[in-house]
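Each remark here refers to the structure printed beneath this line.
The values are calculated or read from the model by the stated rules, or taken from the named source; none is laboratory data. A quick note: this is a predicted structure, and the numbers were derived from the prediction, not measured. Every residue, glycine among them, receives a Cβ derived from its backbone with ideal geometry; neighbour counts consider all protein chains shown. The accessibility values were calculated without ligands, DNA or RNA, using every heavy atom of the protein model including side chains. Shrake-Rupley method; radii C 1.70, N 1.55, O 1.52, S 1.80 Å.
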Amino acid sequence: MSKVPSGFISGRFDLPYSPGPVKVAGNNCGEMNSGEVIHAGRNGSCDIFKLMNSPLLRSLFDEEERRPLTISELNARVKGALETGFSSVWIEGEISDFFDATSGHWYFGLHDADSQVKAACYKAANWRIRFKPFNGLQVRVRGKLTVYEPRGEYQILVESLEPVGEGAIKIAFEQIKEKLRKEGLFDPVFKRKLPYFPKRVGVVTSPNGAAFHDILNVLSRRTKSVHIVLIPARVQGETAPEELRRAVLLANGFSKNAAAGDKIDVLIVTRGGGGAEDLSAFNEEHLARAIFASEIPVISAVGHETDFTIADFVADVRAPTPSAAAEIVAEREDNIETVLKQQTDYLCRNIGHKLMGFKSDLRELALSAVFVEFPQRIRDWSYEIEDIEKRIADSVAEHLRTSNSRFEHLARRLSPMTLSSNVGKKQLRLAILIEKSNSAIRNALAAREEMLKIGMASLDALSPLAVLGRGFSITQVEDGEILRDSKQVTVSEQVKIRLAKGKIKATVTEVD
């Protein structure tokens, strides 16, 4: 047997029907049984596998012809193999041919300089992606390979997708910001005023973070009547946006069903500072919509003064820091207390000045000549009052005398004898008027009766019945039409004849 280069297969194959040893040339290769082959690697090692168990070689010696696969079976097998071998892969490439279907699914291609692969991101997965992809964007994708069996095309089903580079979070932020801006969620007309004197403040944040302790410290120091309600939620991590959204909804549900004194007057959604990735939970669209729909006025206090999140834009008030949010809440009570103290001092000073002025005026009055002239003034007023009383008494007496005179005159006119004489005169006049009225009525009735007789005579002269009485008649055909022309009837036709007294039915025997 000749020598062969290392890494190649050589030797005599004893097939199943001719058993025997097989000699194989190569480094460190020995004997093997029939049906086996030794592969000598370039490093001189030997890799032994069952050659005759290979489906490809066995098919060469099958006595019966194998049944061919259908296209569907082939695609199904390929799909199973791909989904098993590539159940979770990470790839990076540039998006092309992006298509946002009405069903909510995304379809696009991923390519590099030399190759491309099709990708699909179903609605159940893409709702978790914080931005909308677009053509030309370099992305990193995690998913599994599968085959779209009807066309025999393999593709990657995307489970997560994120832009590559430092602008990834900024892209998501700008897309959500522009979408909500177009919907009007940032419009100042929807911003509600904070209550003037809040009694109960809700805080949505992590109970272990510095933000809550800063707020607690400020409110405890600057207010005496504000109660704090903590609604705990994670402020960082994959579950943080949903926990924050639920916390806002929980605060609104509690306030809606609580008694009047227990309602939350203002809600602070907050966390401390951090990088863009740390604050990304407050850029989530569902949280923004929950803040916008909140019936409780919301203060957003996320990060430091230079940090801006979507929550800041939809909230009713944006505070640069958690402590500043607490200052906004405490400002009114603190201002009221300051104003009350200032007004109290002002009133005390004014009262002191007024008292000093009154004392000075009193001393001047005590030394004034008015106290000497005042008794004389009283006596003069007394004389004037007595004169007025006398004039009033005289006027009343004169008025009584005039009234008595008028009363006596009326009494004489209304005496029984005068009334009896007036009644007799009125009765006589009434009788004369009644007689004149009856005579006028009789004359009018006689004139109307004469006119009625003349009218009745005229109507009688013009009545068709009077004409019939003079020997005339009215002839009608069967349908009631009056017969005026012989052409209106034919022989044997029935006609009706009306006389002055009675009616006759006749048959036409001749028409002239």
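What are the residues in the stretch 320-343 that are surrounded by fewer than 22 Cβ atoms within 10 Å (Cβ to Cβ), modelled with pLDDT of 85 or more and of a type outside the set (D, E, K, R), if any?
Result: Pro320, Thr321, Ser323, Ala324, Ile328.
Do we find a residue being touching a Lys or Arg at 6+ places or on another chain (Cβ under 9 Å), buried (at least 18 other Cβ atoms within 10 Å of the Cβ) and basic (Lys, Arg) anywhere in the stretch 177-184?
no
Restricting attention to the stretch 70-110, which residues are under 16 Å from Val141 (Cβ atoms), free of Cβ contacts under 8 Å to residues at least 24 places away in the same chain and open to solvent by less than 60 Å² (accessible area, probe 1.4 Å)?
Of everything in the stretch 70-110, those that are under 16 Å from Val141 (Cβ atoms), free of Cβ contacts under 8 Å to residues at least 24 places away in the same chain and open to solvent by less than 60 Å² (accessible area, probe 1.4 Å) turn out to be His105, Gly109.
Which condition does Val189 not pass, out of (1) open to solvent by 50 Å² or more (accessible area, probe 1.4 Å); (2) within 29 Å of Gly85 (Cβ to Cβ); (3) outside any loop (DSSP other than H, G, I, E, B); (4) at pLDDT 85 or above, if it passes all the others?
Exception for Val189: condition (2).
Any idea which residue in the stretch 445-482 is modelled with the lowest pLDDT, counting only those that are more than 19 Å from Lys496 (Cα to Cα) and among the hydroxyl-bearing types (Ser, Thr, Tyr)?
Within the stretch 445-482, the match that is modelled with the lowest pLDDT is Ser463.
Can you tell me which residue is nearest to the chain's Cα centre (by Cα) among those in the stretch 109-141 that are closer than 23 Å to Ala76 by Cα and outside any loop (DSSP other than H, G, I, E, B)?
Cys121
What's the number of the condition Val147 fails, among (1) assigned to a loop (DSSP other than H, G, I, E, B); (2) open to solvent by less than 20 Å² (accessible area, probe 1.4 Å)?
(1)
What strands (runs of 3 or more DSSP E) lie completely within the stretch 210-319 and have 3 or more residues being open to solvent by 20 Å² or more (accessible area, probe 1.4 Å)?
Qualifying strands (runs of 3 or more DSSP E): 227-232.
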